[in-house]
Amino acid sequence: MESRDEFNVNADALQTKGKVSVGQKRGNPCRLYYEIYGKGDTKVVFINGMGTDRQMWEFVVSVFKKTQPEFQMLTFDNRNTGYSDDGSTLKL
């Protein structure tokens, strides 16, 4: 089976990706997966709705990278979507 990332139309503009730990102070930690595109000075965060992951922004990111080079864009998977953890098995 092919990886979902093989279909990422913005792979050439991807600057960094990874996971960041959140929720430790509230006792419900998890790691959220993120991707950053572009190198511009203006930062834009795309937040997806319930039941979707960061891939819903692929078309928007592709348009922005062509028409708005001054932007650096962050997409991420909310808890329990895409590549993010749900927090139920994470031990810190």
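Observations on the model:
- Approximating the spin labels as points 7 Å out from Cα along Cα→Cβ, the residue 60-to-residue 79 distance works out to 2.2 nm.
- Note on the stretch 4-76: Cα Rg divided by 2.2 N^0.38 Å, N the number of residues, gives 1.17.
- In a simple Cβ point-charge model (Lys, Arg +1; Asp, Glu -1; nothing else charged), the stretch 4-76 has a dipole of about 380 debye relative to its Cα centre.
- Extension gain, residue 68 back to residue 14 (0.36 nm per residue minus Cα-Cα distance, nm): 17.9 nm
- Burial order of peptide ranges 65-73, 33-41 (average beta-carbon count within 10 Å, highest first): 33-41, 65-73
No value in this document is a laboratory result; all are computed from the given coordinates. Fair warning: this is a prediction, and the values are worked out from it, not measured in the lab. Positions of Cβ are backbone-derived with ideal geometry, glycine not excepted, and every protein chain shown enters the neighbour counts.
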